[in-house]
Amino acid sequence: MKQSITTTIPFTQRLKAFAPAIVFWMLSFYLFTLPGTSLPKRNWFDTLQVDKWVHITIFLLLMYLFYKPFKKGIVSPNSNNIFGFIAIAGLGYGVAIEFIQQNFVANRSFDIWDIVADGAGCLLAWLIWGRVTK
């Protein structure tokens with residue numbers, strides 16, 4: 001019987017593999033919960049939709065960092081759908097952030113287009129990861 005890679009690699013090493021993703025997730029949470037007064041107030045920011053590109057980039061990187069330990073073989077997925085699950089969990093995080101901003105962060109509001117951008121970042125990561133791992 002074939003032995004799973006997760007049983008041969010110590011738990012602490014597997015946990016360390018997720019450290020960059022966890023640190024980046026904490027950084028993103030901090031940035032997403034900054035008060036609205038801390039954000040730039042420039043017209044070109046709105047014109048170029050920089051905020052949406054920031055959301056796409058953050059979620060693309062976040063998903064990549066959570067996928068990476070699986071690619072390196074440090075963690076063995078229990079199913080073939082783990083990457084889809086991570087992408088859906090990422091989108092859930094994006095939705096949760098919007099509700100947190102609306103209800104708990106001064107001068108921030110719920111924006112459905114931020115959720116769309118978050119979803120685009122998750123989807124891009126999933127699609128790119130599918131091509132990279134083939």
Check which residues have an amide H placed less than 5 Å from Ser76's amide H, if you skip close sequence neighbours.
Thr6
For Cα pairs less than 8 Å apart in space and 6+ apart in sequence, what is the mean separation divided by the residue count of the range 86-134, i.e. the relative contact order in percent?
42 percent
Karplus 3J(HN,Hα) series, Hz, for the range 103-109 with 6.51 cos²θ - 1.76 cosθ + 1.60 (x for Gly, Pro)
9, 10, 10, 5, 6, 10, 9
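Figure the gain on full extension for Leu15 and Thr33 (residue separation times 0.36 nm, minus the Cα-Cα span) and round it to one decimal in nm.
Stretched fully, the Leu15-Thr33 segment lengthens by 3.9 nm.
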If r is the Cβ-Cβ distance from Thr8 to Ala89 and R0 is 30 Å, what FRET efficiency results, to the nearest 0.05?
0.70
Alpha carbons only, please: Rg and Dmax for the range 64-134, in angstrom.
14.5, 45
Once amide H atoms are built 1.01 Å from N in the peptide plane, which residues 5 or more positions from Phe110, or in another chain, come under 5 Å H to H?
Gln102
Taking Tyr93, Tyr67, Tyr30 and ranking on accessible area (1.4 Å, protein atoms only), highest first, one gets Tyr30, Tyr93, Tyr67
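The values are calculated or read from the model by the stated rules, or taken from the named source; none is laboratory data. Since this is a predicted model, take the numbers as computed values, not measurements. Note that each Cβ is placed from the backbone with ideal geometry, even for glycine, and that neighbours are counted across all protein chains shown. Accessible surface is based on the protein model in full, side chains and every heavy atom, while ligands, DNA and RNA are left aside. Shrake-Rupley method; radii C 1.70, N 1.55, O 1.52, S 1.80 Å.
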